[in-house]
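**Student:** Encoded as structure tokens, here's the structure I'll be asking about.
The values are calculated or read from the model by the stated rules, or taken from the named source; none is laboratory data. The structure displayed is predicted, hence computed values, not measured ones. A quick note on method: Cβ atoms are made from the backbone with ideal geometry, for glycine too, and the neighbour counts reach across all protein chains shown.
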Amino acid sequence: MQTPLILAIETATRSGSVCLTRGDDFLSGVSDEPTTSHSTHLLPAIQQVLGNAGYTLDDVDLFAAASGPGSFTGLRIGLATAKSFAATLNRQCVGVPTLEAIARAGGPSERIVALLPAGRGELFAQLLAVAADGAVIPIDQAAHLKPAQVWEKYSSIRNLKWAGEGALIQAPALKEYATANNISFVEETDLATTGDSWRLVPSCENLAAAVAAIAFSEFQRGRAGTAESLTAIYVRPSDAEINQKWPNAKQPSN
């Protein structure tokens, strides 16, 4: 089979993005603003990306989507869209953990913490490594933590990158913790910078491109699946589930 045409969807973050690649070759991409709604902007973005590259949906060989963690509503929109396309066109698809995509977008690194806002001032966090060829290696499991817990969890690692929307939002607190603990903090512009320091990776313009890159790697390894195999990684319960659980927990037992 020829190198697959991949449509990648990323709706786990507030801004979201879509891209089209031919294997590792980036063809077209669109990123939204944080204030836009995935429910209204995703399909027009997909049409724009395909049109800019001169393709139609029927030409796509592989669908990829960020599978979480991230925005509960956003994840469901992106995954449902990818699943419907894959099922209708009888194509394969790949779900890509959002934190792995963030790490991949941050470039090669021995240690990188990917962070996403989890609501209520908390974070989704995971420690990963990224090889020179772009392979992403999880070092621990994705977790749902308060910012102070994240800083403490990784405080013993002095040569570390921090990436993702959560890292950018929490940059002042991250810098304050690093300074208080005699850790050099660098708001990094050169991703090749090395040395014992905590380095903040700049914002990624199109995270869907990293989703596509990981999906292509999974496809090459024979790990692409069917539409039914595409599932969300939530890490924590939704607010609705939490609100439903607590009243039940408070009911007196019979």
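**Student:** Quick one: is Ala45 buried (at least 20 other Cβ atoms within 10 Å of the Cβ) and either assigned to a strand (DSSP E or B) or in the same structural domain as Ala143 (by TED's automatic domain parsing) (or both)? Talk me through it step by step, then tell me what you get.
**Tutor:** Working: buried (at least 20 other Cβ atoms within 10 Å of the Cβ): yes; either assigned to a strand (DSSP E or B) or in the same structural domain as Ala143 (by TED's automatic domain parsing) (or both): no.
So Ala45 fails the test.
**Student:** Anything in region 110-122 that is free of Cβ contacts under 8 Å to residues at least 60 places away in the same chain and crowded, with 22+ Cβ neighbours inside 10 Å? List them, or say none.
**Tutor:** Answer for region 110-122, where residues must be free of Cβ contacts under 8 Å to residues at least 60 places away in the same chain and crowded, with 22+ Cβ neighbours inside 10 Å: Val113, Ala114, Leu115.
**Student:** Here is a further query. Being modelled with pLDDT of 90 or more and either closer than 30 Å to Arg22 by Cβ or over 25 Å from the mean Cα position of the chain (by Cα) (or both) is the requirement here; does Ala192 meet it?
**Tutor:** The answer is no for Ala192.
**Student:** List the number of the failed condition for Glu100; all other conditions in (1) over 23 Å from Tyr234 (Cβ atoms); (2) acidic (Asp, Glu); (3) surrounded by 17 or more Cβ atoms within 10 Å (Cβ to Cβ) hold.
**Tutor:** (1)
**Student:** Basic (Lys, Arg), part of a loop (DSSP other than H, G, I, E, B) and either at pLDDT 55 or above or within 17 Å of Gly134 (Cβ to Cβ) (or both): is that true of Arg223 in this structure?
**Tutor:** The answer is yes for Arg223.
**Student:** Something else: Can you report the number of residues in region 40-76 which are farther than 16 Å from Phe26 by Cα, more than 21 Å from the chain's Cα centre (by Cα) and of a type in the set (D, E, K, R)?
**Tutor:** 1
Residue-by-condition table, conditions (1) at pLDDT 95 or above; (2) within 30 Å of Gly121 (Cα to Cα); (3) surrounded by 22 or more Cβ atoms within 10 Å (Cβ to Cβ):
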site: Ser39; (1), (2), (3): no, yes, no
site: Gly51; (1), (2), (3): yes, no, no
site: Gly54; (1), (2), (3): yes, no, no
site: Leu62; (1), (2), (3): yes, no, yes
site: Ala82; (1), (2), (3): yes, yes, yes
site: Arg91; (1), (2), (3): yes, no, no
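**Student:** Specify which of the listed residues (Leu75, Leu62, Leu79) is touching a Lys or Arg at 6+ places or on another chain (Cβ under 7 Å), in contact (Cβ under 8 Å) with a residue 60 or more places away in the chain and among the aliphatic types (A, V, I, L, M).
**Tutor:** Answer to the check: Leu62.
**Student:** Residues being among the polar types (S, T, N, Q) and assigned to a strand (DSSP E or B): count how many of those fall in region 85-123.
**Tutor:** Qualifying residue count, region 85-123: 2.
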